[in-house]
Amino acid sequence: MAGSLALLVASMAAQAQSVLDVRVNPANPALKSNVEGYIGSLGDRDGEALLRFSRGAEEQAQKAAQALGYYQARVTSEVQPGETPRLLLRIEPGEPVHLRNVTVRVEGPAADLKAFRVPRSSELAPGAVLNHGQYENAKQLIQNQASRYGFFSGTFSKQRLAVDPRAGVADVELVYNSEIGTVTALA
């Protein structure tokens with residue numbers, strides 16, 4: 001009996017949860033997923049609370065779009081009241097920002113190690129759509145390798161992501177300088 005009561009209460013709580021409905025036109029599953037993940041759960045907000053939250057949700061959706069290179073996205077919101085209130089976000093992503101100049105380089109003793117990989121991918125190359133995650137992943141890969149191979153005092157002498165949304169371009173510059181004297185193991 002107690003199990004049935006708990007299931008009923010959980011079911012009622014699930015029904016009380018507000019719903020986030022993200023619609024991207026034209027369809028872009030990655031952008032939709034990023035916006036949903038960035039905003040997260042709406043909890044048990046009623047229609048009025050969703051209305052107050054909607055402006056912040058639009059701003060969060062803008063940031064989630066920018067993370068994937070969509071700096072010109074138009075985001076509108078609408079609250080649909082009811083037993084299960086719904087926040088509808090409509091997103092027109094516009095043209096994405098593309099990478100123009102990309103420099104990813106390792107300098108110093110680490111550059112001479114065959115096992116030390118400089119991140120290279122089509123997603124972080126001139127012409128690719130800007131994705132802030134790819135930039136951060138490249139930095140993290142370099143830092144992880146530096147630690148693995150004993151370059152503990154190495155640093156990024158340059159780490160720059162410059163975005164010009166009006167021109168629709170971005171430049172990436174990642175230069176890691178591994179320093180001599182801190183190498184504990186070269187593999």
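A few remarks follow.
- Qualifying positions in region 134-148 - small (Gly, Ala, Ser) and loosely packed, with under 15 Cβ neighbours inside 10 Å: Ser147
- Subset of region 127-163 [under 19 Å from Tyr70 (Cβ atoms) and more than 18 Å from the chain's Cα centre (by Cα)]: Gly127
- Pair list, Cβ under 8 Å, 6 or more apart: region 21-48 residue open to solvent by 90 Å² or more (accessible area, probe 1.4 Å), other residue assigned to a helix (DSSP H, G or I): Arg23/Lys32; Tyr38/Gln60; Tyr38/Ala61; Tyr38/Lys63; Tyr38/Ala64; Tyr38/Ala67; Asp44/Ala13; Asp44/Ala16
- Scan of region 54-88 for residues that are of a type in the set (Asp, Glu), open to solvent by 60 Å² or more (accessible area, probe 1.4 Å) and at pLDDT 95 or above, ordered by number: Glu59, Glu78
The values are calculated or read from the model by the stated rules, or taken from the named source; none is laboratory data. A quick note: this is a predicted structure, and the numbers were derived from the prediction, not measured. We place every Cβ from the backbone using ideal geometry, glycine too, and count neighbours over all the protein chains shown. Side chains included, ligands, DNA and RNA excluded: accessible areas come from the protein's heavy atoms. Shrake-Rupley method; radii C 1.70, N 1.55, O 1.52, S 1.80 Å.
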